[in-house]
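Since the structure comes first, as structure tokens, the remarks are kept for the end.
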Amino acid sequence: QGADCKMIPVQLPRVIGVSAVGVTQQLAWYSNYGRGVVDLAGPGGDSLIPYPLVTDTPASGQVLSSVPPNSLFYQAAADWNGQVQDCSSGSCAPYAYLLGTSMAAPHVTGVAALAISKYGRMAPEILLGLLSLTAQRLPCPPSPYDPGETGQPAACEQRGLRNNFYGAGEVNALAVVK
């Protein structure tokens with residue numbers, strides 16, 4: 001009970017906890033956070049902070065992802081004009097602007113896959129260490145932090161090289177493969 005309870009699955013051994021950041025590299029309004037919960041951050045998009053270079057859709061600030069055309073993600077993206085089709089190769093490939101830790105976790109997973117492809121198989125603890133050492137450090141924003149103006153502000157706490165919003169920082173694919 002209380003402090004003895006584990007958050008499943010993130011606090012199980014050998015699981016990497018991920019928070020999400022938007023284009024400003026600030027914790028996204030919807031993202032999870034917490035000490036012992038977040039190891040790394042990944043780009044998950046933030047619909048409240050548009051990306052200045054994408055002005056042709058209200059989905060600006062979200063992550064463009066490949067999706068199956070019949071998926072719930074693709075269908076839901078129609079609600080915010082977030083469906084995209086690339087027909088440049090003769091057949092049309094569907095994409096959708098999405099946001100969430102469901103976008104951030106695959107980014108972290110992809111960088112982990114790059115690390116394994118370069119250095120070979122390694123224990124999860126070693127992989128997390130490599131990803132943490134190469135991550136871009138993200139400092140705590142001023143507290144109290146309430147990006148979604150939910151009325152439930154959070155406090156970011158820095159301890160050593162980690163904090164409870166971003167863990168060791170945002171994964172950095174280039175730094176992993178250099």
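For the reader, a short list of remarks on this structure follows.
- Gyration tensor (alpha-carbon) shape descriptor, segment 35-81, a/c threshold 1.5: oblate
- DSSP-defined beta bridges in the chain - what % are antiparallel, rounded to 5: 75
- Shape of segment 27-178, Cα gyration tensor, a/c cut at 1.5: oblate
- Using a probe of 1.4 angstrom and keeping all protein chains present, the accessible surface of the chain works out to 57 square angstrom per residue.
- Relative packing of peptides 166-175, 68-77 - highest average C-beta neighbours within 10 Å first: 166-175, 68-77
- Peptides 27-37, 95-105, 138-148 ordered by packing proxy, namely the average of other Cβ atoms within 10 Å per residue, highest first: 95-105, 27-37, 138-148.
- For the chain, a crude dipole built from +1 on the beta carbon of Lys and Arg and -1 on the beta carbon of Asp and Glu, taken about the Cα centre, is about 720 debye to the nearest 20.
- Per the chain, cysteines lacking a partner by the 4.7 Å Cβ criterion: CYS5
- When the alpha carbon gyration tensor of segment 1-82 is reduced to an equivalent ellipsoid, its three semi-axes come out at 30, 16, 10 angstrom, largest first.
- The chain, relative contact order in percent, only Cα pairs under 8 angstrom and at least six apart counted: 25
The values are calculated or read from the model by the stated rules, or taken from the named source; none is laboratory data. What you are looking at is a predicted structure, and each value in this text was computed from that prediction instead of being measured. Using ideal geometry, Cβ is built from the backbone for each residue, glycine included, and neighbour counts are taken over all protein chains shown. Remember, those area values only see protein heavy atoms, side chains included, never the ligands or the DNA or RNA. Shrake-Rupley method; radii C 1.70, N 1.55, O 1.52, S 1.80 Å.
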